[in-house]
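**Q** Once you've had a glance at the structure underneath, I'll fire off some questions.
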Amino acid sequence: MNQDKVILDVQHLKKYFELGRGRVLKAVDDVSFQIHEGETLGLVGESGCGKTTCGRTALGMYKKTDGTVLYNGKDVHALKGAELFAYKKEAQMIFQDPYASLDPRMTVSDIVAEGLDVHNMTHSKKERAERIYDLLNMVGLNKEHANRFIHEFSGGQRQRIGIARALAMEPKFMVLDEPISALDVSIQAQVVNMLIRLQRDMGLTYLFIAHDLSMVKHISDRVGVMYLGNMVEITSSAELYSHPLHPYTQALLSAIPIPDPVIEAEREATRIRLEGEVPSPIDTPPGCKFAGRCKYCTERCRKESPQLKDMGNGHQVACFAVE
């Protein structure tokens, strides 16, 4: 990881969806973070908190409502022409559902080579075929798979094909949108270990979106925690799991299951259980969005929205109760 080079700089990003009749869904509401070259930033939070929307808007797939997204110093949402074409080659996305993100009418060969053809990255049929075989080999498949169709593969194999398609562009930055959540538990670790190996071998930078906190700990250098469109805490992976500061983060980590039934039973008494309902992102209350579920809530929390503050060593948290 190159701590001196910020490859993605997201500042005060907002993404709202107009629902009609004056209603607005605030999927991402003033989120800021940076990703350094060669690192993996994990983005976690419960379903519906805005993780995927944040990743897609940061990548440029969704048009932002407000804020800035800089990729190597250039505004992603202002790119046009040749610069936009080059950016789309460098920044790739792995989708959550390998069943929906691959065209069932295309062979694996054509799926993997689609980007190669668009960007004219090969100059002969032989070179094209060799590149396809190399990419399949990189993700644990072989050339015999090239002429098959998607319905002939398992979920894990389909996700590997999607990864090969992205790697064909020789990317530098990848958004991984819950890439293992649709896979069997038995092969999740295989895919994550493959992603770690590819990152090391190719010098990739990842934004890894997930809700599996144990897997995020395994792959991420730093972790950001989102709640209802806001970033509530961000720090190194080791610091977050050993010293969580935000009450929401503490509750999330206390819910991680432990495979040892004896330890799990002992920990049951100390598990943090959140009460109350998650507010609607369409009609968010003033102040801290976590206030209605937080045991430390004060009158200030109900009126003011806390901003991320540095607690030292890059550990940032948005909470009035943390000093």
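The values are calculated or read from the model by the stated rules, or taken from the named source; none is laboratory data. Please read all numbers here as calculations on a predicted model, not as lab measurements. For neighbour counting, all protein chains shown are included, and Cβ atoms are generated from backbone atoms with ideal geometry for every residue, glycine included.
**Q** So, in segment 51-78, exactly how many residues are touching a Ser or Thr at 6+ places or on another chain (Cβ under 9 Å) and not acidic (Asp, Glu)? Write out each step before concluding.
**A** At the first step, the residues of segment 51-78 found to be touching a Ser or Thr at 6+ places or on another chain (Cβ under 9 Å) are 57, 62-65, 67, 69, 75-77.
Then drop every residue that is not not acidic (Asp, Glu), which leaves 57, 62-65, 67, 69, 76-77.
Total meeting the criteria: 9.
**Q** Checking the conditions here, which among LEU59, LEU43 is in contact (Cβ under 8 Å) with a residue 40 or more places away in the chain, crowded, with 21+ Cβ neighbours inside 10 Å and in contact with a Cys (Cβ under 8 Å, 6 or more places away or on another chain)?
**A** Answer to the selection: LEU43.
**Q** Which of the residues belonging to segment 145-199 are at pLDDT 95 or above, among the β-branched types (Val, Ile, Thr) and not in a helix (DSSP H, G or I)?
**A** Of everything in segment 145-199, just one residue is at pLDDT 95 or above, among the β-branched types (Val, Ile, Thr) and not in a helix (DSSP H, G or I), namely VAL175.
**Q** Counting only residues that are more than 19 Å from GLN250 (Cβ to Cβ), assigned to a loop (DSSP other than H, G, I, E, B) and either touching a helix residue (DSSP H, G or I) at 6+ places or on another chain (Cβ under 6 Å) or of a type in the set (Gly, Ala, Ser) (or both), how many does segment 293-313 have?
**A** 1
**Q** Another question, if that's okay. Any chance you could count how many residues in segment 62-103 are of a type outside the set (A, V, I, L, M), part of a strand (DSSP E or B) and buried (at least 16 other Cβ atoms within 10 Å of the Cβ)?
**A** Selection size over segment 62-103: 3.
Rundown of residues vs (1) touching a Leu at 6+ places or on another chain (Cβ under 7 Å); (2) over 30 Å from ASP184 (Cα atoms), yes/no style:
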site	(1), (2)
LYS5	no, yes
GLY38	no, no
GLY48	no, no
GLY55	yes, no
GLY73	no, yes
TYR87	yes, yes
LEU116	no, yes
MET121	no, yes
